[in-house]
Structures are given as structure tokens and as C-alpha cells.
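Working notes, beginning with the structure itself.
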Amino acid sequence: MDFSLSRPARDVATRTRRRRALAAVAFPLLITGVLLAFLLLAAHGPGGRWWTVAGMLAAFGLLGFGFLGRHVRFVPAALLLWALGMTVASFDDWVLASRGLDITCTVLEKGSRVETSTSTDSNGHTTTTSTTHYDYRLDCPGGRPTAMTSTTDAGSKGQPLQVVYDPAGRIDPEPARGTDTTAAWVAGGLLTAAMVVGAARELFGRNTRWR
């Protein structure tokens, strides 16, 4: 606190810092809440996957508005962006864990294919990544699901395969496995870090625009 200021000026500065600290906590919560609301619509409402796209656009748009308006600084914004990405990435697992059905199917056919992607970073370094996808045609009780694609080599032709699928048909089936909540915990930790760093920056940091 700058004690060279008069007491009224110090009071105004303190209130301003507190208001900005509150915004640094409220904005990440608001943005994450908006994304989660759209994801819930994607899981339960009409329109399916389009709600996920709309939610990402809305969340990233709010994040850009908050950053340009200095409600969210650079480091908290980066942490929040990471948290939003992890939230979307863990959404399918969350839906399957909450309402997915485990069934035993028979593998009728199995195929594999390799998809290659190339990316170039800001320094001009090119990285090539190859991912093997396994395509299964299935015979399941009740006739669903009939097919599944996985990056895991989960079974062989003619063998039984444990599958978890969404009875609402919103989420693609996957090989049955234990529920992995790692991504959700990471997203929550990043969100918390964004709020703590943002509030601490406003309360105790110097008035630097982009930090």
C-alpha cells in the first residue's frame, strides 16, 4: 500500500484492489460454469454435440473479454484456458461414468489404421505424431452398440470384449475400464490456481497490465 497517498485515496485504492480481486475469482467461476452448463445440455438436452461447440465458443469468448478488460490477467488466463481444455477432454469419461452401461460383446471384425498429424511450433520445429486407431464391429446384447473405435488394442476377432456405452447415444462407446477422474481433478486444480493467483495478484501485486 502506498502511504504517500491521503487516507481517502488509500481507501479508494483498497476498495479497487478488493473489487478486482473479487472479479479475479468470479470470472473464472463464471466462465467454467457457462462451459459446464453447455456440456450438461450436450449430455441431456436436444442438439447433442453442437452444445459442446457452443459452450467452448462461449467460454473462450468470455475469457477473451475478461482478459482484454483486465478482469483476468495473463497467468490466471493461461491456467484457466488449460482448465477449460481439461474439462472438455474429461467430459466423455464423466458421462460414461455417470450413466454408461457395461456389457459384454463379441468382436465380429477388427481393423486398424494409423493417423498422422504434423504440427510446427513458433520456432519452426516440426513434430509428427502417429496414432493407431482400432475399429471393431460388435455383436452386443440388445443390438447396441454395433461398432466402436478405440486407440487401445482392446480385443481380438471372435473374442468377448467388455464395452461401456451411453444408452442415450450421445457419447461413443469405449472399452470398459475403471473410472479415471484424473483429468477432472487436474481441471479443478487449475481452476483453483487461476483464482488464487489472480486474487493474490490484484491484492498484493504491482499494477502491471499483463502479469
Using the Kyte-Doolittle scale, find the helices of the chain whose mean hydropathy is at least 1.6 and whose Cα atoms extend 15 Å or more along the helix's long axis, counting only whole DSSP H runs.
50-68, 74-89
If you roll a 1.4 angstrom probe over the protein chains with everything in place, what fraction of the accessible area of the chain belongs to carbon and sulfur, to the nearest %?
61 percent
Helix-derived [θ] at 222 nm for the chain: sum -39500 (n - 2.57) over DSSP H runs of at least 4, divide by residue count, nearest 500?
-17500 deg cm²/dmol
Per the Kirkwood formula on distinct C-alpha pairs, the Rh of region 89-211 is how many angstrom?
17.9 Å
For the chain, what is the relative contact order in percent, using Cα pairs closer than 8 Å and at least 6 residues apart in sequence?
26 percent
Using only the heavy atoms of the protein chains and a 1.4 Å probe, how would Glu174, Glu115, Glu202 rank by accessible area, largest first?
Glu115, Glu174, Glu202
Compute the accessible area per residue over region 72-162, keeping the other protein chains in place, probe 1.4 Å, unit Å².
58 Å²
Among region 162-178, those whose backbone N falls under 14 Å of a label point 7 Å along Cα→Cβ from Ala147 are 172-173
Dimensions (Å) - the chain, Cα atoms, principal axes, largest first
82, 42, 28
Quickly rank 185-195, 126-136, 151-161 as a protection proxy: mean count of other C-beta atoms within 10 Å, highest first.
185-195, 151-161, 126-136
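The values are calculated or read from the model by the stated rules, or taken from the named source; none is laboratory data. Just so we're clear, the structure is a prediction, and the values are computed from it rather than from any experiment. Positions of Cβ are generated from backbone atoms using ideal geometry, with glycine treated the same way; all protein chains shown enter the neighbour counts. Protein only, heavy atoms only, side chains kept; ligands, DNA and RNA dropped before computing areas. Shrake-Rupley method; radii C 1.70, N 1.55, O 1.52, S 1.80 Å.
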